[in-house]
Amino acid sequence: MRIEHAEVVVTSPGRNFVTLKLVTSDGVTGYGDATLNGRELAVVSYLRDHVAPLLIGRDAHRIEDTWQYLYRGAYWRGGPVAMTAIAAVDVALWDIKGKVCGLPVYQLLGGACRDGCLAYTHASGRDLPELLEAVAGKLALGYRAVRAQAGVPDLGKVYGVATGDGAYEPAGRGARPDEEVWDSRAYLRHVPDVFAALREQFGPEPALLHDVHHRLTPLQAARLGRALEPHDLFWLEDVTPAEDPDALRLVRGHTVTPLAIGEVFNTIWDCRTILQDRLVDYIRVKPSHTGGISHVRRILALAELSQIRSGCHGATDISPVGMAAALHVGLAIANFGIQEHQPHDPLVDEVFPHAYRFADGSLHPGDEPGLGVSLDEPLAARHPYVAAYLPVARLVDGTLHDW
Ligand code: KDG
Ligand code: MG
C-alpha cells in the first residue's frame, strides 16, 4: 500500500488550521494536524515543498521508518516547523493504519487503559465575580477540572482572559501581532487571592489549574508556588521560560505545588533533563508539534520512569485531528494525567466532523477506525487562510517580555 497523494489543506473557519491529507494506492485517506499558530505558512511550505514529494510512492505502513527518514534525513533536526510537519505525516499514517485494520488508533497502541480521559477546560474573568461565574458554568457542564485565569487590576488584556462574551482566543487576525503590557509584580500580588476566593466558593473538590505562560523569574515562580500551596492546585503551568530546566530546578526546591511544562517542546531532547530530573509533575507535549503519535509515546514512556504524567496541550490551535490523536494516546498509556479541552467553535467541528466526545468530565476518542476525524473539504475551502498572530508582551517600560 503506497502513498499516492499528499496534499496540504489550509482553512480558517474562525481561526487557521493546516491539515495534511495522505491518500494511499488503495484509496485510504489519513489526516494529520500541521497547525503552528502564527507561523502556519512556514509548515505549509515545509510540507508542500520538501516533504510531500518524498512521500509519494513510500509504503504507507512503514510509520517508524518514514519518521526516521524525515527526522534524520533532513540533517537539520528539531524545531517547531519541522516537528509539526513530521507530526502531521506520522499522525496521518496512524490514521491510515487504523482504517486499514478497521480499528481505532488507541487499539493499535495497546488498547484502553481507562474508560475516558479526564479533561480540564478554561474559565476566565476580567474580575473575580466574572471568574467565579465562569468556573461555576464549567462545573455545571460536567467538568471536574478547570483552568482559572483572571484579569489583574490596572493591567489591560491579560493572557487567558476573554475580553468579550466569547471564549478566549489569543491569535488576533491582522498583519501584525497585538501588543500587551505585562507587570509580574501586579500579577503576583493578585493571583493568590484569586485562588483563595475560588476555594472558598467551590470547596476542596474541583481540580484547579493555572497557566503562568512562561513569564516569571525562578524566584518569582518559587514564591508564587509557595503562596498557592494552601489552595491545592492540580498544577501550575509554565512558570518560567521552558528552555531553561535549571529555572525549574530552583522553583522545585522551594514549593510542593505541582508543576507542568512542555507545550512548546518539539522533541524528546527538549524534555529529557526535565523528565529525568523530575522537575515537573506533568508534561504537556502532544502529537501535534512534537513529532506525532510515535514520538510523543516515546516521551511519555520516558516520563513514566519518573512518575510524571501526561497533560497534553489542547488549546484551540490544536485542530480536531490533533485533539483526536492526543486522545487515542491518552486512552492507551499507563501514565495519563489530564487532557486540556478548549472546545472549538461549532463551525470548526463542522469542518472537521469527529467521533471524540465529552461526557461526565472526560473525553473519549470514539471507536471509529483510525482517528475518527474527517475533513469537509468544500466547507474548508469556503474559509481561506487569514493572517493571524499570537500577541507579543512588553513590560510597562516598553521592554519586550515573554508572552
Ligand atoms: O498557540 C498558543 C496557545 O496554544 C497557548 O497560548 C495556549 O498556553 C496555552 C494553553 O495552555 O492552552
Ligand atoms: Mg499553556
Could you pull out the residue among Asp165, Asp183 that is more than 16 Å from ligand 1 (Cβ to nearest atom) and more than 19 Å from Asp402 (Cβ to Cβ)?
Asp165
Name the single residue, out of those in the stretch 249-268 being of a type outside the set (S, T, N, Q) and either under 18 Å from the mean Cα position of the chain (by Cα) or assigned by TED's automatic domain parsing to the domain that holds Val81 (or both), that is nearest to ligand 2 (Cβ to nearest atom).
Glu263
Single unsatisfied condition, Tyr356 versus (1) outside the structural domain of Asp115 (by TED's automatic domain parsing); (2) closer than 28 Å to His210 by Cα; (3) in contact with a Pro (Cβ under 6 Å, 6 or more places away or on another chain):
(1)
Of (1) within 16 Å of ligand 1 (Cβ to nearest atom); (2) crowded, with 24+ Cβ neighbours inside 10 Å, Val348 satisfies every one except (2)
Identity of the residue in the stretch 14-54, assigned to a helix (DSSP H, G or I) and within 22 Å of Asp178 (Cα to Cα), that ends up nearest to ligand 1 (Cβ to nearest atom)
Glu40
Evaluate the following for Arg185: is it more than 30 Å from Arg298 (Cβ to Cβ) and free of Cβ contacts under 8 Å to residues at least 24 places away in the same chain?
yes
Considering only helices (runs of 4 or more DSSP H) wholly within the stretch 199-292, the ones with at least 2 residues that are at pLDDT 95 or above and more than 17 Å from Glu304 (Cα to Cα) are 218-228, 245-252
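How many residues does the stretch 373-394 hold that are touching a helix residue (DSSP H, G or I) at 6+ places or on another chain (Cβ under 6 Å) and either under 27 Å from Ala207 (Cα atoms) or in a loop (DSSP other than H, G, I, E, B) (or both)?
The first filter runs over the stretch 373-394 and keeps only residues touching a helix residue (DSSP H, G or I) at 6+ places or on another chain (Cβ under 6 Å), leaving 373, 376, 379-380.
Then drop every residue that is not either under 27 Å from Ala207 (Cα atoms) or in a loop (DSSP other than H, G, I, E, B) (or both), which leaves 376.
Residues flagged as touching a helix residue (DSSP H, G or I) at 6+ places or on another chain (Cβ under 6 Å) and either under 27 Å from Ala207 (Cα atoms) or in a loop (DSSP other than H, G, I, E, B) (or both) within the stretch 373-394 amount to 1.
Hey, any hits in the stretch 104-118 for a residue that's more than 23 Å from Gly262 (Cβ to Cβ) and buried (at least 19 other Cβ atoms within 10 Å of the Cβ)?
So far as the stretch 104-118 goes, yes, one or more of its residues are more than 23 Å from Gly262 (Cβ to Cβ) and buried (at least 19 other Cβ atoms within 10 Å of the Cβ).
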Quick check on the stretch 268-322: of everything there that is of a type in the set (Lys, Arg) and within 11 Å of ligand 1 (Cβ to nearest atom), which residue is farthest from Thr11 (Cα to Cα)?
Arg284
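The values are calculated or read from the model by the stated rules, or taken from the named source; none is laboratory data. Since the model is a prediction, treat every value here as computed from it, not as a measurement. So basically every Cβ, Gly included, is an ideal-geometry build from the backbone, and we count neighbours across all protein chains shown.
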